[in-house]
Amino acid sequence: MRAIVHHEFGDPAEVLGVEDQPLPEPGPRELRLRVVLSPIHNHDLWTIRGTYGYKPELPARAGTEAVGIVDALGSEIDGFEVGQRVATGGTFGSWAEYVIAKPGAVVPVPQGIPDEVAAQLIAMPFSAISLVDYLEVEPGDVIVQNTANGVVGRLVAQIAASRGIRVIGIVRREADVAELAAYGIPDVVATASDDWRDRVRALAGDCPISAAVDSVGGSASGDLLHLLGEGGTLVSFGAMESDRMELSSGDVIFKQATVKGFWGSKVSVAMPAETRNALFGELFHLIGSGQLTLPVEAVFPLDDVRAAVEAATRPGRVGKVLLRP
């Protein structure tokens, strides 16, 4: 089979290449999938650079999510059939013609969901719905998030709205506010305006802000903490600007605030099976009803992986970039 491989850590556009590898055989509790499409995520690129929480041994394959067809079953696998269409997430090495997956990381894909949507079903949408669940907010509550124009930010806004939760989004540019409004996502404020904090409070009205999601770090973390109501929760989801959070001890103390992190892989492993199944069922419903959208920017063959990663990191991109073996 053919697979994307890198022999050193570095710029994905420089270190990735396609190589022939032996076709892997599934173990007793594993499935082999023939990959149909696999997305390029930021965490995939961070792993290739050697800057993520997981650092594989070299030479290493790449990619962690895919939609595919069950090609072979281990001797102890129940509940799946050869020829069945499935999605998998957290499955390392998915940028290839075939990949080995654990049954707990595989979800059957209902009819009516296109491959382009199924390919990106788990990492971002499931992380987003798990994050909303993790916040422990109720209908009528107000939450705030920065990087509201990112993929997860858009998904959180759509999922929360479907649950009756109000989301105030923070972006950098007024152009992003207009873009999200055209996308059907209201209540977004740009930090380019000096009074943006007052505008966030005005949008919240009399409702205290129950939770905040920070994907930036640095001073942005403190800004969100300062906006929280008493007893609110600040969740660190990413660190696009800084790996340090600049927080006021006064805000933590006098607001009696909670500060914690969210790592989808850890949360998913600890999640009860019934909760996981319920969240996937909710996702399928939202996608089928059109309340949740997963756009695609472009699809590239494996041989064009370097062009694909350049497209995936291009500013202004709206949809995911996918690889097709």
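The values are calculated or read from the model by the stated rules, or taken from the named source; none is laboratory data. The shown structure was predicted, so the numbers you read here are calculated from the model rather than taken from an experiment. Here Cβ is always computed from backbone atoms with ideal geometry, including for glycine, and neighbour counts include all displayed protein chains. Protein only, heavy atoms only, side chains kept; ligands, DNA and RNA dropped before computing areas. Shrake-Rupley method; radii C 1.70, N 1.55, O 1.52, S 1.80 Å.
Quickly run through the range 5-48 and pick out the residues that are open to solvent by 50 Å² or more (accessible area, probe 1.4 Å) and of a type in the set (D, E, K, R).
Across the range 5-48, the qualifying residues are E8, D11, E14, E19, D20, E25, R29, R34.
Can you name the number of the only condition in (1) among the small types (G, A, S); (2) open to solvent by 10 Å² or more (accessible area, probe 1.4 Å); (3) within 19 Å of the chain's Cα centre (by Cα) that G112 fails?
Only one criterion is unmet by G112, namely (3).
If G112 satisfies every condition in (1) assigned to a helix (DSSP H, G or I); (2) in contact (Cβ under 8 Å) with a residue 24 or more places away in the chain but one, which is the exception?
That leaves (1) as the condition not met.
Of (1) in contact with a Lys or Arg (Cβ under 6 Å, 6 or more places away or on another chain); (2) open to solvent by 10 Å² or more (accessible area, probe 1.4 Å); (3) assigned to a loop (DSSP other than H, G, I, E, B), G93 satisfies all except one. Which?
Of the numbered conditions (1) in contact with a Lys or Arg (Cβ under 6 Å, 6 or more places away or on another chain); (2) open to solvent by 10 Å² or more (accessible area, probe 1.4 Å); (3) assigned to a loop (DSSP other than H, G, I, E, B), the odd one out for G93 is (2).
If the requirement is being at pLDDT below 95, farther than 20 Å from R317 by Cβ and of a type in the set (V, I, T), which of these qualifies: V167, V109, V151, V137?
V109
Which of the following residues is under 26 Å from G140 (Cβ atoms), of a type in the set (A, V, I, L, M), touching a residue at least 12 places away in the same chain (Cβ under 8 Å) and in a strand (DSSP E or B): I170, I185?
Within the list I170, I185, the selection yields I170.
Looking at G184, G150, which one is under 25 Å from K260 (Cβ atoms) and of a type in the set (G, A, S)?
G150
What do you reckon, is R2 among the charged types (D, E, K, R), modelled with pLDDT of 95 or more, crowded, with 18+ Cβ neighbours inside 10 Å and within 22 Å of R85 (Cβ to Cβ)?
no
If you scan the range 73-85, which residues turn out to be in contact with a Leu (Cβ under 7 Å, 6 or more places away or on another chain) and either open to solvent by 20 Å² or more (accessible area, probe 1.4 Å) or part of a strand (DSSP E or B) (or both)?
L73, F80, V82
Can you spot a residue in the range 55-65 that is within 21 Å of E116 (Cα to Cα), open to solvent by less than 10 Å² (accessible area, probe 1.4 Å) and either in contact with a Lys or Arg (Cβ under 6 Å, 6 or more places away or on another chain) or of a type outside the set (A, V, I, L, M) (or both)?
yes
Among the residues of the range 217-230, write down those that are assigned to a helix (DSSP H, G or I) and either charged (D, E, K, R) or open to solvent by less than 30 Å² (accessible area, probe 1.4 Å) (or both).
A220, S221, G222, D223, L224, L225, L227
How many residues does the range 160-172 hold that are under 11 Å from A148 (Cα atoms) and open to solvent by 60 Å² or more (accessible area, probe 1.4 Å)?
1
Checking G184 against (1) on the phi > 0 side of the Ramachandran plot; (2) touching a helix residue (DSSP H, G or I) at 6+ places or on another chain (Cβ under 9 Å); (3) open to solvent by less than 50 Å² (accessible area, probe 1.4 Å): exactly one of these is not met. Which one?
(3)
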